[in-house]
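First the structure, in the form of structure tokens, and then the observations on it.
The values are calculated or read from the model by the stated rules, or taken from the named source; none is laboratory data. Source: prediction; values computed, not measured. Note that we place each Cβ from the backbone using ideal geometry, even for glycine, and neighbour counts take in every protein chain shown. What goes into the accessible areas is simple: the full protein's heavy atoms, side chains included, and nothing from ligands, DNA or RNA. Shrake-Rupley method; radii C 1.70, N 1.55, O 1.52, S 1.80 Å.
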2 protein chains.
Amino acid sequence: MSTGNNVRIKYLSQDEAIAIDQELFTTYAFSVDQLMELAGLSCAQAIYSLYEKGEVLVIAGPGNNGGDGLVCARHLKLFGFSPIILYPKPSKSELMTRLVTQTKFMGIPYVEEIPSDLSKFSLIVDGIFGFSFRPPIREPFGLILRKLAQSNIPIFSIDIPSGWDVEKGPPAADEVPCLKPDALISLTAPKQCAKFFEGRAHILGGRFVPGELAKKYELQLPEYKGSDGILNLSDS
Amino acid sequence: MSTGNNVRIKYLSQDEAIAIDQELFTTYAFSVDQLMELAGLSCAQAIYSLYEKGEVLVIAGPGNNGGDGLVCARHLKLFGFSPIILYPKPSKSELMTRLVTQTKFMGIPYVEEIPSDLSKFSLIVDGIFGFSFRPPIREPFGLILRKLAQSNIPIFSIDIPSGWDVEKGPPAADEVPCLKPDALISLTAPKQCAKFFEGRAHILGGRFVPGELAKKYELQLPEYKGSDGILNLSDS
């Protein structure tokens, strides 16, 4: 992966990612609603910058990574894409419940299980597991990951390619199915597994990190251009 | 004001604006956190598109218009501007309190009253009153508006030029001081007073209106370009 002039950007350990997240919600008093909205918007902006409009299968896990996916689906719809959502293990949290209402009322269809034929989709958005993921993978997500790993449809992974170790990257060949995403968006800052990303575009998104927090964790974030919400780290 | 190819765009009455707002929060289950984040972000994007970086005085009223202003200030800081906030009547609401914490921890200074000399500011952001405003104007906002009306610093008004009637526009000459903003951003859709705007740029922002809601209220919104969060209605 080329990181261009951003060679010093820091790749976070799982514990660092969790600590930064906590600090944003405590010291800085952000709400999950606020940051998830900005994160999901940047995912949709990245997808707009990389792919033609078409039918997009957005797969949402039960946690905040899935929430980013649901927000992303909502903005994709406003950008002229045709998202379809697979959200097999709905969370009972108030925020996630509202995200479902928002997307359903915006006319975004839901499917109950992974379609056997994925060929009608131009893109799959992987919002299954995020930076707090630890194995084992529970069903139906094992089945879904096997299906995605066998497919040729490009995959856009949010923050972590699902099934990868947050620090050590792709699973060993004899373990779980290995996703090879076409694009990866790192929210806030890349996690260590992003070093193993070999796809077409590594994007930085989630432009909400206060300068002092970036300094404290020595994030060495490259500068976003203008008022952009995303930065393509693969552009050297 | 030129509305270019958007001549059919609807200008909302106060009651319609309030009804649409309510429907977003009830039927569509959006949180104020979510929509204020997108609204404030679009304000900052509009300012970035129109003005050079510099010291910007952001004046926030006690309601949601002020909240949009605080979110705008936060994004302006990330975009390289130097915002300074005047928020004379702080709300006790949990969201507004958190917005203050976020901006303060991001190193944005607050001032207690309107500076007597405004000449160091390159721009003033008017986030004082929004679409639910009804007279009379209480102090210190009367004083602030008089000061702004006398100044030559360009004013960027959020949703409503403060002191204007939401439907009938600028106050009569012998009433309250009349702001003449250089730019106006209409969030969601323009309110009727925007017909009287004679400044340089009328921007549409707050790109989150579900298609069905736009249809129900016959908003006739022009199409945003690509993944943009703002649209300059003054560009014909």
Checklist outcome for this item: Scanning segment B:102-131 for residues that are within 14 Å of another protein chain (Cβ to nearest Cβ) and closer than 15 Å to B:D68 by Cα, the one surrounded by the fewest Cβ atoms within 10 Å (Cβ to Cβ) turns out to be B:Q102
Item to check | Members of segment A:1-22 found to be open to solvent by 30 Å² or more (accessible area, probe 1.4 Å) and at pLDDT 95 or above, listed by number | outcome: A:K10, A:Y11, A:D15, A:E16, A:I18, A:A19, A:D21, A:Q22
Item to check | Residue count, segment A:45-89 (criterion: closer than 20 Å to A:G163 by Cα and touching a strand residue (DSSP E or B) at 6+ places or on another chain (Cβ under 6 Å)) | outcome: 12
Next on the checklist: Would you confirm whether or not segment B:28-42 contains a residue that is facing another protein chain (nearest Cβ under 10 Å) and touching a Pro at 6+ places or on another chain (Cβ under 8 Å)?
Outcome noted: yes
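Tally up the residues in segment A:39-73 that are assigned to a helix (DSSP H, G or I) and either among the polar types (S, T, N, Q) or buried (at least 24 other Cβ atoms within 10 Å of the Cβ) (or both), please. So that I can check it myself, show each step before the final result.
The first filter runs over segment A:39-73 and keeps only residues assigned to a helix (DSSP H, G or I), leaving A:39-50, A:64-73.
So of that shortlist, the ones also either among the polar types (S, T, N, Q) or buried (at least 24 other Cβ atoms within 10 Å of the Cβ) (or both) come out as A:39-47, A:49, A:64-73.
Here the count works out to 20.
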Checklist entry - Of the conditions (1) within 14 Å of chain B (Cβ to nearest Cβ); (2) over 30 Å from B:I108 (Cβ atoms), A:Q45 fails just one. Which one is it? => result (2)
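Can we say B:G61 is among the small types (G, A, S) and away from chain A (no Cβ under 14 Å)? If you could, list the steps in order and put the result at the bottom.
On the way: among the small types (G, A, S): yes; away from chain A (no Cβ under 14 Å): yes.
When the stated conditions are applied, B:G61 passes them.
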Checklist entry - Using beta carbons and a limit of 7 Å, which pairs, at least six apart or on different chains, have the first residue in segment B:12-34 and closer than 13 Å to B:K191 by Cα and the second one open to solvent by less than 40 Å² (accessible area, probe 1.4 Å) and part of a helix (DSSP H, G or I)? => result B:I20/B:L213
Next on the checklist: So, in segment A:74-86, exactly how many residues are away from chain B (no Cβ under 13 Å) and open to solvent by 20 Å² or more (accessible area, probe 1.4 Å)?
Outcome noted: 0
